[in-house]
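Novice: Right, I'll just put the structure down here and ask away after.
The values are calculated or read from the model by the stated rules, or taken from the named source; none is laboratory data. Quantities reported herein were computed from a predicted structural model and do not represent experimental measurements. Here Cβ is always computed from backbone atoms with ideal geometry, including for glycine, and neighbour counts include all displayed protein chains.
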Amino acid sequence: MLKNIFLILIISLIFSSCSKKEVVDQILDEENIEKQMVVAYREGVEALDLGDGLTAYKKFSDAELLYPQSSWAPQSSIMAAYSLYISSYYDDAIFQLERHLKNYPLDKNSGYVHYLIGICYFEQLSDEKKDLAPLKNTQKKLEYIINEYPNSDFAIDAKFKLELTKNILAAKEMHIGRYYMKTEKWIGAINRFKVVINNYDDTVFVDEALHRLVEIYFKIGYEAEAKKIAYTLGYNYGSSEWYKNSYKLFNKTYKPIKIDKNNKETGKTHNFLLKKFKSIFE
């Protein structure tokens, strides 16, 4: 009986000592991994300082993978995405940022992540001529930031960029509408100009869109509708050159104007940037 008890005690001591050793080894391993993670993170910061975004991305990704349970992991994930952003790998940065939102849904920096996604979309707009998807994605993300984080610093910049984005979208609609006018596809032109008036009523193109509708309705014989829209144009944009052009339509001295793609809008903020974006679709 005593022998059995003694044997049980010996076995328990052996297992107890083994478990303690395993715990110690685990702690040492975790400390070693954490040190490696810190080193990788610091190397990522150094690479960023040198302007080497791709090396920085690799280092921050390594830091996240080395210790995914630590508080450093979400920060490393964001820095990896930022490294791709400054390297102009916008689509890859968006993928990384969306992965971050899935992996770290409670991260306190989620607002910045959404903002950076919006900026990545926005940075690609200057190359956009045909596909509406990037423009719509930009608008959607910027509106989300403004609505979800209204008091943040991100919202201030998002509002400015949203204004520019809407002007680009409106410019695209105006470009197509002008083309339909030239080819006398009146219904298509009317629909395009109405999109500008209904969806982008805070852009620099609304007064021209109203005038184009006046022109079209007058030309196809809907004079009452033309006058109605001209009244709206005069009420809201009485000092606009486009209103003056519409007014001439109802006088015998009126001469049809040529569609001026380089029309300069005045009295608008950020005019130098808006003019640049308008030219994308000219």
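Novice: Does Q139 qualify as being touching a helix residue (DSSP H, G or I) at 6+ places or on another chain (Cβ under 7 Å), surrounded by 17 or more Cβ atoms within 10 Å (Cβ to Cβ) and at pLDDT 95 or above?
Specialist: No.
Novice: Looking for something of a type in the set (G, A, S), over 29 Å from L162 (Cβ atoms) and buried (at least 18 other Cβ atoms within 10 Å of the Cβ) - is there at least one such residue anywhere in the range 207-229?
Specialist: Kept after step one, since they are of a type in the set (G, A, S), are these residues of the range 207-229: 209, 221, 224, 226.
Still in the running and over 29 Å from L162 (Cβ atoms): 221, 224, 226.
Add one more test, that the residue is buried (at least 18 other Cβ atoms within 10 Å of the Cβ), and what stays is 226.
Yes, there is a match, as at least one residue in the range 207-229 is of a type in the set (G, A, S), over 29 Å from L162 (Cβ atoms) and buried (at least 18 other Cβ atoms within 10 Å of the Cβ).
Novice: Also, quick follow-up: Would you mind finding the one in A189, A171 that is in contact (Cβ under 8 Å) with a residue 60 or more places away in the chain and either buried (at least 20 other Cβ atoms within 10 Å of the Cβ) or farther than 18 Å from I216 by Cα (or both)?
Specialist: A171
Novice: Here's another thing I want to ask about it. Can you tell me which residues in the range 89-110 are among the aliphatic types (A, V, I, L, M) and either exposed (fewer than 14 other Cβ atoms within 10 Å of the Cβ) or not assigned by TED's automatic domain parsing to the domain that holds L54 (or both)?
Specialist: L106
Novice: Further question on the same structure: Among (1) more than 17 Å from K172 (Cβ to Cβ); (2) among the aliphatic types (A, V, I, L, M); (3) buried (at least 17 other Cβ atoms within 10 Å of the Cβ); (4) in contact (Cβ under 8 Å) with a residue 24 or more places away in the chain, where does I86 come up short?
Specialist: The number of the failed condition is (3).
Novice: Turning to a different aspect of this structure: Mind checking whether some residue in the range 120-130 is crowded, with 19+ Cβ neighbours inside 10 Å, under 12 Å from the mean Cα position of the chain (by Cα) and under 24 Å from T55 (Cβ atoms)?
Specialist: Yes, the conditions are met somewhere in the range 120-130.
Novice: Another question, then. Name the residue, out of N262, N191, N236, N199, that is out of contact with any helix residue (DSSP H, G or I) (no Cβ under 7 Å at 6 or more places or on another chain), at pLDDT 95 or above and not charged (D, E, K, R).
Specialist: From the options N262, N191, N236, N199, the qualifying one is N191.
Novice: Can you confirm whether the range 41-51 contains a residue that is hydrophobic (A, V, I, L, M, F, W, C), touching an Asp or Glu at 6+ places or on another chain (Cβ under 8 Å) and not in a loop (DSSP other than H, G, I, E, B)?
Specialist: Here is the first cut: in the range 41-51, the ones hydrophobic (A, V, I, L, M, F, W, C) are 45, 47-48, 50.
Okay, now just the ones that are also touching an Asp or Glu at 6+ places or on another chain (Cβ under 8 Å), so none.
No, the conditions are met nowhere in the range 41-51.
Novice: Scan the range 45-61 residue by residue and report those that are crowded, with 19+ Cβ neighbours inside 10 Å and basic (K, R).
Specialist: K59
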